[in-house]
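The values are calculated or read from the model by the stated rules, or taken from the named source; none is laboratory data. This structure is a prediction, so every number in the text was calculated from the model and none was measured. Backbone-built Cβ (ideal geometry, glycine too); neighbour counts: all protein chains shown. The protein model used for the area step is the full one, side chains on, heavy atoms only, and it has no ligands, DNA or RNA in it. Shrake-Rupley method; radii C 1.70, N 1.55, O 1.52, S 1.80 Å.
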Amino acid sequence: MKRRFQGLASTAQPNTEVPDGVFLVRVDSVRYSRERQKPFYPLRFSVIEPEPLAGRTFPGRLYCTPKALWKFSWFLRDFGYDPELLGRDEVEEKGLIGLRGVVKVSHMVVNGRTLVNLDAFAPAGAWESISSPASPPLPSELAS
């Protein structure tokens with residue numbers, strides 16, 4: 001007797017999601033969307049660094065409501081969006097594709113769905129200082 005379970009094969013696939021952490025990424029796709037009076041930009045990021053995760057992609061969502069504009073602006077500034085357009089309160093989707101920066105990612109489960117949180121941003125140039133291991137403790141610090 002054979003039984004068919006829709007989606008069974010996909011659970012056997014290797015996990016290609018990115019774990020919680022800090023990544024140097026590139027914006028691969030973006031599209032303005034509106035849902036229940038909450039405008040947002042769903043984004044698709046591609047990991048550049050760290051090397052073991054390079055090439056993996058993950059989704060993200062940045063809301064454009066008045067309360068969330070601070071975070072959207074933070075993302076645009078740190079990812080190097082055109083300051084002239086930003087100064088005119090304009091966002092051009094084509095101008096977001098290819099932008100690079102650092103993002104801190106965490107995951108949260110809500111009603112059985114795993115959501116990706118974009119917790120923090122930094123310019124791509126900060127990657128070296130963010131990703132390098134902490135300097136070893138000084139001998140005087142070890143004694144205490």
Is there a residue in the stretch 110-123 that is open to solvent by 60 Å² or more (accessible area, probe 1.4 Å), closer than 19 Å to S29 by Cα and modelled with pLDDT under 90?
-> yes
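Taking the stretch 22-43, which residues are part of a strand (DSSP E or B) and more than 10 Å from the chain's Cα centre (by Cα)? If you could, list the steps in order and put the result at the bottom.
Step one: filter the stretch 22-43 for residues part of a strand (DSSP E or B), giving 22-30, 33-35, 38-43.
Once the filter is applied, which keeps residues that are part of a strand (DSSP E or B) and more than 10 Å from the chain's Cα centre (by Cα), the stretch 22-43 yields D28, S29, V30, S33, R34, E35, K38, P39, F40, Y41, P42.
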How many residues, within the stretch 60-80, are open to solvent by less than 30 Å² (accessible area, probe 1.4 Å) and of a type in the set (F, W, Y)?
-> 3
Could you grab me the full set of residues in the stretch 81-97 that are surrounded by fewer than 15 Cβ atoms within 10 Å (Cβ to Cβ) and either within 25 Å of H107 (Cα to Cα) or among the aliphatic types (A, V, I, L, M) (or both)?
-> L85, L86, I97
How many of the residues in the stretch 16-45 are of a type in the set (S, T, Y) and surrounded by 17 or more Cβ atoms within 10 Å (Cβ to Cβ)?
-> 1
Log entry, pairs with first residue in the stretch 117-131 being among the β-branched types (V, I, T), second being open to solvent by less than 50 Å² (accessible area, probe 1.4 Å) and not in a helix (DSSP H, G or I), beta carbons closer than 8 Å, six or more apart or on different chains, reads I130/V102; I130/A122
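Of all residues in the stretch 87-106, how many are out of contact with any Gly (no Cβ under 8 Å at 6 or more places or on another chain) and within 20 Å of D28 (Cα to Cα)? Lay out the reasoning, then the answer.
Taking the stretch 87-106 as the starting set, the residues that turn out to be out of contact with any Gly (no Cβ under 8 Å at 6 or more places or on another chain) are 87-98, 102, 106.
Adding the requirement that they be within 20 Å of D28 (Cα to Cα) leaves 90-98, 102, 106.
Number of matching residues: 11.
Taking T57, is it of a type in the set (V, I, T) and surrounded by fewer than 13 Cβ atoms within 10 Å (Cβ to Cβ)?
Answer is no for this residue.
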